[in-house]
Amino acid sequence: MANRYGEAALIAARMETYGKAITPAARWEQATAKLYPTSPSAQRKGGPRFAFLSLCEAGLVKGIPAGQYAPSNKAKAYTLRAVSLLNAGTHKTVNALWAEVTDGEDIAHNSQMDVVLALWKNGLIVRSA
């Protein structure tokens, strides 16, 4: 099982919308509220949230159309690069992906790669041909 932010990404991506237009941000908020009911700070944590929204924005999460969902942020570049590495068949762990997307900089990992890998491993990322 993925960590809780990976799990939140899975819940948000698989959320039944019953024909209603629910934004990726609203999906994320509902998922993190479910997993972190007593921790508003965990619900608002930026790294994994921006990773999910960035993937949605790029049209890479199955079932969620591309659109304007995430402000410009470093997580966007990290997540898109991670998907490219996964499509290439390299860097299959959180630590390997993180080291590559940050070019080995000493930057704290904030669960962005957990979001990417959870969606990837569960077939929810649109894969390149």
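Readers should treat all values here as calculations from the given coordinates under stated rules, not as data from a laboratory. For clarity, every value in this text was computed on a predicted model and none was experimentally measured. Heads up, the Cβs are rebuilt from the backbone with ideal geometry, glycines too, and the neighbour counts pull from every protein chain shown.
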Find the lysine pairs in region 4-121 meeting two conditions, Cα atoms under 15 Å apart and a separation of 8 or more places or different chains, and report how many there are. 5
Normalised by the residues of region 4-121, what does the relative contact order come to in percent, with Cα pairs under 8 Å and at least six apart? 31 percent
Residue range of the chain that is longest and free of GluC sites (Glu not before Pro) which are both DSSP loop and sparsely packed (at most 12 other C-beta within 10 Å): 17-104
Normalised per residue, the volume of the convex hull around the Cα set of the chain (Å³): 105 Å³
